[in-house]
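Here the structure is laid out as structure tokens; the discussion comes afterwards.
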Amino acid sequence: VCLLLDLPPLSRAAPRARTAAPPQHGSPGLVAAERSPALEEWASEADDMAVDEVASLPDGAPAAEALESQWVETPVGRVEVKLSVPASGRPIALALLIHGMSPAREIIWEWGCIVQSMRERSTAVVYPNLHSCDRTAPAGSSPQDVAVALEAIALWALEQLDGGTSTPLLVYGKSWGGARALELCIRLNDGTGAAGLGPAAGLVLACPAVSKMEDRAARVAALNLPILLAWARDDDVIPFASSEPMLAELRARPAGPTIFVPVGVGGHRVDRMAAGSAGRAGLASKLSEWPDLALGPLAPGGLLYGL
């Protein structure tokens, strides 16, 4: 199998060939990156694109802050939300971005580093500020309240799009938000999520804070969606070594590809991880290309799903 890594947006690409038969899985835990040299190269290149001074890297907040704020009613209260949609045409997917724990603006909006590139690749983005509601603020919220709010926000955003709830949902989460992203995908996968939301089509985890998640291994094992895990080697909040047990659990899943993207620098900031591995081979590009991979060759029935 040959995977072209210079991926065009799906809305402008020719239709992909899909396998007619159900995917044939390899042994448990064998992931696409290990079986496809091209995809393994795609995942590992970011580690070589470091810069010397992390402090000089830009933050992603301005791109997100520039978007108009809207307020969405959820079962636990009103939440401030930013929505970005492609300039024209029906979006290929909706990406839900979930921030980390700190109330600092540069942490709340750090996923802004990929908003414009996602828009250019025909992917809509919904980006809640969970600090704007007492029951979803990281410091005092329950995982249940946050999950219910995120589901309501995703449904609201899907209603704003041409494709409605038929638009695939991709979930991105960093640190505290990574744990909430994982929990949300588990809920949607096992049918305990909100009515009208099906399973997520893909998940991105950046240095997720999942050490306290109960029954994590068993719950992760039930997920069969494509998952991208990114971590910086110089993370001084959740050390890079913490990636090892998380990666082992993801790779042990009976089904579903796992892509691991380590980066040299960036600390505990996804925008700095992206900026510190700049260029076509960097993490920013990989995060923006993820919808094309998750909905195409890595999707169930796709060319690389069961390899």
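The values are calculated or read from the model by the stated rules, or taken from the named source; none is laboratory data. Just so it is clear, the structure is predicted and the values come from calculations on it, not from any experiment. Neighbour counts are summed over all protein chains in view; Cβ atoms, including those assigned to glycine, are modelled from backbone coordinates with ideal geometry. When the accessible area is computed, the model is the full protein with side chains, heavy atoms only, and any ligands, DNA or RNA have been set aside. Shrake-Rupley method; radii C 1.70, N 1.55, O 1.52, S 1.80 Å.
Work out how much length residue 78 to residue 244 would gain on full extension: take 0.36 nm times their residue separation and subtract the Cα-Cα distance, in nm to one decimal. My answer for the length gained is 56.0 nm.
For residue 113, the accessible area of its heavy atoms, probed at 1.4 Å with every protein chain present, is near 50 square angstrom. The local environment of residue 182, defined by Cβ-Cβ distances under 13 Å, has a net charge of +2 under the rule Lys, Arg +1 and Asp, Glu -1. The Cβ shell under 11 Å around residue 192 holds other residues with a net charge of -2, Lys and Arg each +1, Asp and Glu each -1.
Please work out the Cα center distance from segment 247-298 to segment 168-233, rounded to the nearest Å. What the calculation gives is 14 Å, centre to centre.
Note on residue 142 and residue 159: their simple-model spin labels are 2.5 nm apart, each label 7 Å out from Cα toward Cβ.
Could you tally the net charge around residue 209, taking each other residue with its Cβ under 10 Å from the Cβ of residue 209, Lys/Arg +1 and Asp/Glu -1? Intermediate values should be presented prior to the final figure.
On the way: positive: 174, 180, 212; negative: none.
The answer is +3.
Rounded, prolate or oblate for segment 209-267? Axes are the square roots of the Cα gyration tensor eigenvalues, ordered a ≥ b ≥ c, and the cut-off for rounded is a/c under 1.5. Oblate shape, in that a/c is at least 1.5 and b/c is the bigger or equal ratio.
Is the shape of segment 233-296 best called rounded, prolate or oblate, per the rule: a/c under 1.5 gives rounded, else a/b larger than b/c gives prolate, else oblate, with a ≥ b ≥ c the square roots of the Cα gyration tensor eigenvalues? Oblate. Each of 76, 101, 116 was scored by the projection of its Cα onto the charge dipole of segment 71-133, and the greatest displacement toward the positive side belongs to 116; charges sit on the C-beta of Lys, Arg, Asp and Glu. Compute, for segment 144-249, the length of the dipole vector about the Cα centre, with Cβ point charges of +1 (Lys, Arg) and -1 (Asp, Glu) only. Units Debye, rounded to 20. In debye, rounded to 20, segment 144-249 gives about 60. Peptides 258-265, 67-74 ordered by packing proxy, namely the average of other Cβ atoms within 10 Å per residue, highest first: 258-265, 67-74. Of the residues 196, 209, 167, the one whose Cα sits farthest towards the positive end of the charge dipole of segment 109-231 is 209 (charges of +1 on Lys and Arg Cβ, -1 on Asp and Glu Cβ, taken about the Cα centre). Using a probe of 1.4 Å on the protein chains alone, the accessible area found for residue 238 is around 30 Å². Sorted into 5 angstrom bins from 0, the C-alpha pair distances of segment 55-211 split as 2, 10, 20, 25, 23, 14, 5, 1, 0 percent.
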